[in-house]
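The values are calculated or read from the model by the stated rules, or taken from the named source; none is laboratory data. Given the structure is predicted, the values throughout are model-derived calculations rather than measurements. Backbone-built Cβ (ideal geometry, glycine too); neighbour counts: all protein chains shown.
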Amino acid sequence: MAKGLEGVIVDTSSICLIDGNAGRLIYRGYDIHDLVSNLSFEEAAHLLWKGELPNQTKLNDLKKQLDQQRAIPPYLKTAIRNLPVSSDTLDVLRTAISALGTGVSLKRPDLSEAINITAKIPTINAVFNRIRRGQEPIEPRSDLGHAANYLYMLTGKEPDQAKADALNKYLIALADHSMNSSTFAARVVASTWSDMYSAITAAIGALKGPLHGGAPAPVLKMIQDIGKPERAEEWIRGELKAGRRLMGFGHRVYRTTDPRAEILRDVASKSADKEFFALARHVELTGNRILKDYRPERRLYTNVEFYSAVVMHSVGLPPDLFTPTFAASRSVGWTANVLEQVANNRLIRPDVEYTGPMNLKVAPIDQR
């Protein structure tokens with residue numbers, strides 16, 4: 001029995017490869033370092049959805065489709081206004097995607113729905129973020145790319161290029177990660193011949209769990225609580241002594257450095273406040289050193305969530321938008337996996353080993 005399905009191969013896929021021992025991440029045959037260095041998020045989305053890098057004509061067409069789908073319908077904006085302003089943003093996003101799927105006929109998921117969901121998630125996040133602050137939502141602009149539009153809708157100001165570039169790289173680096181928990185949830189739903197919106201609603205529900213997508217905000221709090229480099233060792237040892245998990249360290253798959261952490265460390269070095277980045281780097285190195293002694297049987301390096309927190313903080317996102325922004329990136333991978341699932345579908349229905357009692361008899365109610 002493989003608890004948590006660890007090590008179990010449930011299907012084949014041509015979308016994404018993780019080599020946990022070598023620390024490599026591959027999208028459709030391309031190394032993630034190469035993709036982040038050279039592509040826009042829209043190009044990476046085209047690659048994941050269609051299996052090829054777009055030429056200029058195909059890229060322009062995809063950008064046009066995303067632009068046409070960014071605005072959310074009035075009924076959805078009203079629904080978001082009616083939600084408590086104290087709501088978790090990821091709960092609002094999950095509810096909004098579910099609402100977006102109301103009235104959709106039960107048909108095989110298609111690329112137009114993938115584009116629609118990916119275009120609208122940043123808008124949904126931005127609309128709720130402004131409403132809860134007593135501000136009016138800002139409509140997307142047709143002259144801005146995906147990352148820049150997100151920042152613009154949050155603030156009403158056109159972002160500087162450095163921030164837009166940093167967010168663009170983040171969005172590419174997290175766009176897919178093979179058969180992770182939320183992707184598996186989406187594929188399970190899709191395998192029942194349900195619709196795209198139901199599958200992505202399930203994926204967002206899985207992403208909410210702190211063991212999957214909920215750690216970047218606690219990482220930021222950890223760095224801020226430490227505050228000064230000289231406090232790092234005492235703080236980290238105190239957490240470990242208390243039996244608490246050190247957020248941003250370790251990964252279920254990687255046995256060496258997470259390549260996305262390497263990429264985002266470099267992004268953060270250019271986008272973050274220099275003093276804050278220096279503190280984060282010191283916390284990383286201190287944590288790696290202490291954990292080497294604490295868990296000598298397994299090296300626990302920083303994972304993607306550590307520098308995700310630093311990058312998202314550097315571009316001005318509030319902590320409660322960290323995981324919803326993760327969803328804005330991962331929507332491409334989720335939808336690509338849904339499309340792959342339904343293209344060659346078999347209902348995902350694993351077995352379970354029963355360990356309960358046997359041969360019990362029902363006693364009359366007055367004898368129980």
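Assorted remarks:
- Among the candidates 44, 71, residue that is under 22 Å from residue 121 (Cβ atoms) and in contact with a Phe, Trp or Tyr (Cβ under 8 Å, 6 or more places away or on another chain): 44
- Residue that is modelled with the lowest pLDDT [pool: residues in the range 23-40 that are surrounded by 11 or more Cβ atoms within 10 Å (Cβ to Cβ) and small (Gly, Ala, Ser)]: 23
- Of the criteria (1) within 24 Å of residue 196 (Cα to Cα); (2) of a type in the set (A, V, I, L, M); (3) assigned to a loop (DSSP other than H, G, I, E, B), which one residue 144 fails: (1)
- The set of residues in the range 113-141 being of a type in the set (Lys, Arg) and part of a loop (DSSP other than H, G, I, E, B) consists of 132, 133, 141.
- Considering the range 181-227, the residues that are touching a Leu at 6+ places or on another chain (Cβ under 7 Å) and not hydrophobic (A, V, I, L, M, F, W, C) include one that is farthest from residue 118 (Cα to Cα), namely 192.
- For the range 1-30, the tally of residues that are touching a residue at least 60 places away in the same chain (Cβ under 8 Å), among the acidic types (Asp, Glu) and closer than 25 Å to residue 339 by Cβ stands at 1.
- Just one of the listed residues (149, 180, 116) is at pLDDT 95 or above and out of contact with any Lys or Arg (no Cβ under 7 Å at 6 or more places or on another chain), namely 116.
- Listed by first and then second residue, the pairs linking a residue in the range 124-146 that is in contact (Cβ under 8 Å) with a residue 12 or more places away in the chain to a residue that is assigned to a helix (DSSP H, G or I) and charged (D, E, K, R), with Cβ atoms under 6 Å apart and 6 or more places separating them unless they lie on different chains, are 131/81; 137/130; 142/67; 146/42.
- Residue in the range 222-233 that is closer than 17 Å to residue 334 by Cβ, free of Cβ contacts under 8 Å to residues at least 60 places away in the same chain and surrounded by fewer than 21 Cβ atoms within 10 Å (Cβ to Cβ) present: no
- Within the range 44-61, considering residues that are of a type in the set (A, V, I, L, M) and crowded, with 20+ Cβ neighbours inside 10 Å, the one farthest from residue 93 (Cα to Cα): 47
- Here the condition is being surrounded by 21 or more Cβ atoms within 10 Å (Cβ to Cβ), touching a residue at least 24 places away in the same chain (Cβ under 8 Å), of a type outside the set (Phe, Trp, Tyr) and in contact with a Pro (Cβ under 8 Å, 6 or more places away or on another chain); of 180, 168, 149, it holds for 149 alone.
- Residue 217 closer than 19 Å to residue 124 by Cα, assigned to a helix (DSSP H, G or I) and among the aliphatic types (A, V, I, L, M): no
- Of everything listed in (1) within 19 Å of residue 183 (Cα to Cα); (2) surrounded by fewer than 19 Cβ atoms within 10 Å (Cβ to Cβ); (3) modelled with pLDDT of 90 or more, the single unmet condition for residue 18 is (2).
- Extreme residue, farthest from residue 204 (Cα to Cα), among residues of the range 63-106 that are touching an Asp or Glu at 6+ places or on another chain (Cβ under 6 Å) and not in a loop (DSSP other than H, G, I, E, B): 63
- Qualifying residue in the range 31-49 (condition: of a type in the set (A, V, I, L, M), under 18 Å from residue 118 (Cα atoms), touching a Pro at 6+ places or on another chain (Cβ under 7 Å) and in a helix (DSSP H, G or I)): no
- Filtering the range 178-210 to residues that are of a type in the set (Val, Ile, Thr) and either closer than 19 Å to residue 5 by Cβ or touching a Cys at 6+ places or on another chain (Cβ under 8 Å) (or both) leaves 183, 188, 189, 192.
- Some residue of the range 189-207 being within 24 Å of residue 30 (Cβ to Cβ) and within 20 Å of the chain's Cα centre (by Cα): yes
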